[in-house]
Amino acid sequence: METNYWDKKAPDYDTHRKKSENAYSKLMELIKGECSKSQTFLDIGTGTGEIPIALSNSVKEITAIDFSQEMINIAKLKREKLDINNITFQVQDCYNPSFNDKTFDIITVINLLHLLDKPEQFLNSVKGLLEDNGKLIIPTFLHNHSILTKMFSRVAKLKGHPIVTRFDSKSIIEFITKCGYSLDKSVFIKGAIPILFVVVSKK
Ligand SMILES: C[S@@+](CC[C@H](N)C(=O)[O-])C[C@H]1O[C@@H](n2cnc3c(N)ncnc32)[C@H](O)[C@@H]1O
């Protein structure tokens, strides 16, 4: 996937994301329910940093990565404006993250999996970064949920949105568990394109 697409989207990304505000606030509530103050946290595909910023008081420290330099620039500006000092933003590709094994208690991957060309390779590499008792939180848009979402999804793809996999509630759990994780929790979040909130741990 081209970084260029996301670099171009970055300036308007927050306005675009507001269309899913209800779903995202439910999502944040669910993520906060999985966190505690002692944890180290990695957010992969962080975009403009809204998720780590909203969680900065709920965890010890957060590293947040994205392969788009423009997204990370915006995230850093927000962090400075809000004077937050426990988040590190870095430009990194999700396929080759440069961290030591077993570094993180919680890894979030929010609405990224359906955009990846090699989601299986990605899930395998992320596993190494998790502590043995760590959790992967991987909420993902369900483009294959209904006839209506399939229609929305096709229109979005025609407009250039880089959707690769159209998941539904069943296929996403099957896919993630097949990659060596066990399911801890899933919660369906309504929306024009619904999201399945999924929490898994290493098998
Ligand atoms: C749909 S946005 C989601 C952003 C954020 N997680 C959210 O939910 O608001 C997808 C993000 O993933 C990033 N991304 C896509 N492919 C990536 C890759 N291979 N490595 C790192 N980031 C990637 C994009 O730059 C974009 O910021």
- Message: Which of the numbered conditions does Lys19 fail, given that it passes all the others? Conditions: (1) in contact with a helix residue (DSSP H, G or I) (Cβ under 7 Å, 6 or more places away or on another chain); (2) over 16 Å from Val198 (Cα atoms).
- Response: (1)
- Any residue at all in segment 58-80 that is within 13 Å of the ligand (Cβ to nearest atom) and at pLDDT below 95? no
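Output yes when any residue across segment 159-167 is small (Gly, Ala, Ser) and either modelled with pLDDT of 95 or more or touching a strand residue (DSSP E or B) at 6+ places or on another chain (Cβ under 6 Å) (or both), and no when none is.
no
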- Note on the structure: Flagged in segment 19-65 as touching a Leu at 6+ places or on another chain (Cβ under 9 Å) and charged (D, E, K, R), in numbering order, are Lys32, Asp43
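Does segment 130-157 hold any residues that are of a type in the set (S, T, N, Q) and touching a strand residue (DSSP E or B) at 6+ places or on another chain (Cβ under 8 Å), and which are they?
Asn133, Thr140 - these are the residues of segment 130-157 that are of a type in the set (S, T, N, Q) and touching a strand residue (DSSP E or B) at 6+ places or on another chain (Cβ under 8 Å).
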- Query: Just one of Asp93, Asp168 is at negative phi and out of contact with any Phe, Trp or Tyr (no Cβ under 7 Å at 6 or more places or on another chain); which is it?
  - Reply: Asp168
- Among residues belonging to segment 147-188 that are within 29 Å of Asp132 (Cβ to Cβ) and β-branched (Val, Ile, Thr), point out the one that is farthest from the chain's Cα centre (by Cα). Thr177
- Query: Quick one: in segment 16-41, which of the residues that are more than 12 Å from the ligand (Cβ to nearest atom), touching a residue at least 24 places away in the same chain (Cβ under 8 Å) and assigned to a helix (DSSP H, G or I) is farthest from the chain's Cα centre (by Cα)?
  - Reply: Asn22
- Item | Long-range neighbours under 9 Å by Cβ, at least six apart or interchain, first residue touching a residue at least 40 places away in the same chain (Cβ under 8 Å) and at negative phi within segment 192-203, second crowded, with 22+ Cβ neighbours inside 10 Å and of a type in the set (D, E, K, R) | Val199/Lys135; Val200/Lys135; Ser201/Lys135
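Among the residues of segment 3-15, which ones are within 9 Å of the ligand (Cβ to nearest atom) and loosely packed, with under 15 Cβ neighbours inside 10 Å?
If the condition is that a residue be within 9 Å of the ligand (Cβ to nearest atom) and loosely packed, with under 15 Cβ neighbours inside 10 Å, then Tyr5, Asp14 are the ones that fit.
The values are calculated or read from the model by the stated rules, or taken from the named source; none is laboratory data. All values derive from a computational prediction rather than experimental measurement. All Cβ positions, even for glycine, are placed from backbone atoms using ideal geometry, and neighbour counts span all protein chains on display.
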